[in-house]
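Asks: Here's a structure for you.
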Amino acid sequence: MEKIIIGILTCSDRAAANVYEDISGKEILDFLKDVLSNSIEPVYQVVPDEKEKIMATFRMMSDRKCALIVTTGGTGPAPRDVTPEATEEVCDKMLPGFGELMRQVSLQYVPTAILSRQTAGIYKQSLIVNLPGKPSAIRQCLEAVFSAIPYCLDLIGGPYLECDESKIKVFRPKS
Ligand SMILES: Nc1ncnc2c1ncn2[C@@H]1O[C@H](COP(=O)(O)OP(=O)(O)OP(=O)(O)O)[C@@H](O)[C@H]1O
Ligand SMILES: Nc1nc2c(c(=O)[nH]1)N[C@H]1C(S)=C(S)[C@@H](COP(=O)(O)O)O[C@H]1N2
């Protein structure tokens, strides 16, 4: 089974300044280890909410051959929340369905889910997916969209992902 290199990017002023421990980044890795059968090589970074730093990290993670890059934080309406802008600025194509579905599912948990502008897109051979900053949002959002991620990576020439079927039912329309 192919190894997959995955970027985990926490965009948070306070996590970057060590005001709080980055629980959300850890949640992302825990989720991926839990559902994926492939071995994972994480490329992990914490940056403050600054568009240029976020974009530079996307470029670094793409150069490091991350097939998937998952961000957390900076998706809301506050002045310093710029993760979706950084994502849109680097991406070659956007995949708005990811944000639509994650918001819809998140609304079952919190009415403020509509405040997240989280999105997804393709940058070179990487799929970038934004998640909100709240640690509890990580599993809720990833569970909602993960069944479509392996086929998306197939379509962009990425590694072949396999999941624990009892946790995520991967859907590949052509298989
Ligand atoms: N990476 C994280 N690890 C742990 N807790 C987090 C993280 N990100 C956010 N939180 C929690 O979720 C709450 C709401 O997130 P909020 O959107 O205010 O933070 P943020 O924008 O990610 O961080 P900051 O305001 O420092 O840039 C925070 O007050 C914090 O308790
Ligand atoms: N699943 C889920 N989605 C959620 C939340 C949450 O707690 N759970 N918080 C919402 C809130 S309060 C905000 S402000 C936005 C943006 O959060 P961010 O700026 O930390 O990315 O995500 C929203 N989406």
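Read-outs throughout are calculated quantities, based only on the coordinates presented, and are distinct from any laboratory measurement. All values derive from a computational prediction rather than experimental measurement. Here the Cβ is made from the backbone with ideal geometry for all residues, glycine too, and neighbour counts use every protein chain on show.
Asks: Return a yes/no flag: does the stretch 115-138 have any residue that is outside any loop (DSSP other than H, G, I, E, B), more than 16 Å from the chain's Cα centre (by Cα) and farther than 25 Å from Ala16 by Cα.
Replies: Let us first name the residues in the stretch 115-138 that are outside any loop (DSSP other than H, G, I, E, B), namely 115, 120-123, 126-131, 135-138.
Next cut, more than 16 Å from the chain's Cα centre (by Cα) only: 115.
Pick out the ones that are also farther than 25 Å from Ala16 by Cα and you get none.
No, the stretch 115-138 contains no residue that is outside any loop (DSSP other than H, G, I, E, B), more than 16 Å from the chain's Cα centre (by Cα) and farther than 25 Å from Ala16 by Cα.
Asks: What residue, among those in the stretch 102-144 that are out of contact with any strand residue (DSSP E or B) (no Cβ under 7 Å at 6 or more places or on another chain) and among the polar types (S, T, N, Q), is farthest from Thr10 (Cα to Cα)?
Replies: Filtering the stretch 102-144 for residues that are out of contact with any strand residue (DSSP E or B) (no Cβ under 7 Å at 6 or more places or on another chain) and among the polar types (S, T, N, Q), the one farthest from Thr10 (Cα to Cα) comes out as Gln108.
Asks: Would you check which residues across the stretch 37-54 are under 28 Å from Leu161 (Cα atoms) and in contact with a helix residue (DSSP H, G or I) (Cβ under 8 Å, 6 or more places away or on another chain) and list them? Spell out the reasoning first.
Replies: So the first thing to find is which residues in the stretch 37-54 are under 28 Å from Leu161 (Cα atoms), and the list is 37-47, 54.
Residues satisfying the conditions are Ile40, Pro42, Val43, Tyr44, Gln45, Val46, Val47, Ile54.
Asks: Among the residues in the stretch 85-97, are any more than 28 Å from Gly157 (Cβ to Cβ), surrounded by 15 or more Cβ atoms within 10 Å (Cβ to Cβ) and among the β-branched types (Val, Ile, Thr)?
Replies: To start, the set of residues in the stretch 85-97 that are more than 28 Å from Gly157 (Cβ to Cβ) comprises none.
Within the stretch 85-97, none of the residues are more than 28 Å from Gly157 (Cβ to Cβ), surrounded by 15 or more Cβ atoms within 10 Å (Cβ to Cβ) and among the β-branched types (Val, Ile, Thr).
Asks: Does any residue in the stretch 1-19 that is under 8 Å from Val46 (Cα atoms) and of a type in the set (Val, Ile, Thr) come within less than 6 Å, Cβ to Cβ, of a residue that is part of a strand (DSSP E or B) and within 16 Å of ligand 2 (Cβ to nearest atom) six or more places away or on a different chain, and which pairs are these?
Replies: Once the first residue is under 8 Å from Val46 (Cα atoms) and of a type in the set (Val, Ile, Thr) and sits in the stretch 1-19, its partners that are part of a strand (DSSP E or B) and within 16 Å of ligand 2 (Cβ to nearest atom) give Thr10/Val46; Thr10/Thr72.
Asks: Given the residues Arg59, Arg117, which is the only one that is of a type in the set (Lys, Arg) and either within 14 Å of ligand 1 (Cβ to nearest atom) or closer than 16 Å to Ile28 by Cα (or both)?
Replies: Numbers: Arg59 fails: either within 14 Å of ligand 1 (Cβ to nearest atom) or closer than 16 Å to Ile28 by Cα (or both).
Going through Arg59, Arg117 in turn, just one is of a type in the set (Lys, Arg) and either within 14 Å of ligand 1 (Cβ to nearest atom) or closer than 16 Å to Ile28 by Cα (or both): Arg117.
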